[in-house]
Every structure is written in C-alpha cells, then in structure tokens.
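Working notes, beginning with the structure itself.
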Amino acid sequence: MNQRDKLIVKYAEDLKLRFDEEADLELLKKITIGLGPSIYNRDSATISSSEESEFERVKTQFLERKLKLDPIETDLDSPLTNILEKYGRTHRTKYRAVVYYLLVKYYRKEEVY
C-alpha cells in the first residue's frame, strides 16, 4: 500500500469517526488525487477553521472554481461552517480531503470527479 492509499484509508476512518459516514472510496480517492502533492504536507493537507483567509480560500478555490458554484445563487458559507463545526473547532486536524468530500456530497457535485 503506497502513501496515498494509506492517507485515503485515514480519511475514510476520519469520515466514519467524526461524521458517522461510510465513505465512497472511489470518490474519496479522486478528490485526494485532485489535491495532488499537498496531501503530503501537514499544513496544506489540513484546513484551519480559525483563519478567515482559509475559509475564503476554500470558498473561492474549491466551491466556486472547482465545483463551479455561483456564490450569488448558492449559499456557500453555511454548509462549510456546519462541516467545520461538526469537525470540531478545537480539533486541530481537519483534513482538506475530508472537508472537500463532504462538500462535494452536500452539493451533489460528484460528476465533477
């Protein structure tokens, strides 16, 4: 099992533990691959919920650009805030792949991957 596959297993376990959700491993793998080498860097592999710039980055780079969501027609703040709250504000390791996976499922944008 290579390093990426180990991370995918870790992300799936995190989804089960924190969100009580069985991961669609194929989708999770595609999202993880889409994140590229950033998954191997501790800082870029996680999301800081305390930084407003990080919140905005997820909205613009992922929700608007990748998922092609219109911020005028679609509420981008509430789902992201809810996911981060459920993850736990004090929980330091909020994996970007897990957050992106949950956002893709929420907006039903699996076809992007």
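Quick note: the coordinates plus some simple rules give every number you see, no bench work behind them. Fair warning: this is a prediction, and the values are worked out from it, not measured in the lab. Cβ: placed from backbone, ideal geometry, glycine included. Neighbour counts: every protein chain shown.
Here are a few things to note about the model shown:
- Residue that is surrounded by the fewest Cβ atoms within 10 Å (Cβ to Cβ) [pool: residues in the range 76-85 that are of a type outside the set (D, E, K, R) and in a helix (DSSP H, G or I)]: SER78
- Residues in the range 86-104 that are within 22 Å of ASP24 (Cα to Cα) and surrounded by fewer than 16 Cβ atoms within 10 Å (Cβ to Cβ): LYS86, THR93.
- In the range 15-33, residue nearest to ASN2 (Cα to Cα) [restricted to those that are of a type outside the set (D, E, K, R) and in contact (Cβ under 8 Å) with a residue 60 or more places away in the chain]: THR32
- Set side by side, the residues ARG108, ARG42 differ, and just one is on the phi > 0 side of the Ramachandran plot and loosely packed, with under 14 Cβ neighbours inside 10 Å, which is ARG108.
- Residue in the range 21-36 that is among the polar types (S, T, N, Q) and over 12 Å from the mean Cα position of the chain (by Cα) present: no
- Taken over the range 17-49, the criterion of being among the acidic types (Asp, Glu) and touching a helix residue (DSSP H, G or I) at 6+ places or on another chain (Cβ under 7 Å) is satisfied by GLU21, GLU22.
- Meeting the requirement of 3 or more residues that are among the charged types (D, E, K, R), the helices (runs of 4 or more DSSP H) wholly within the range 1-75 are 3-19, 25-35, 52-57.
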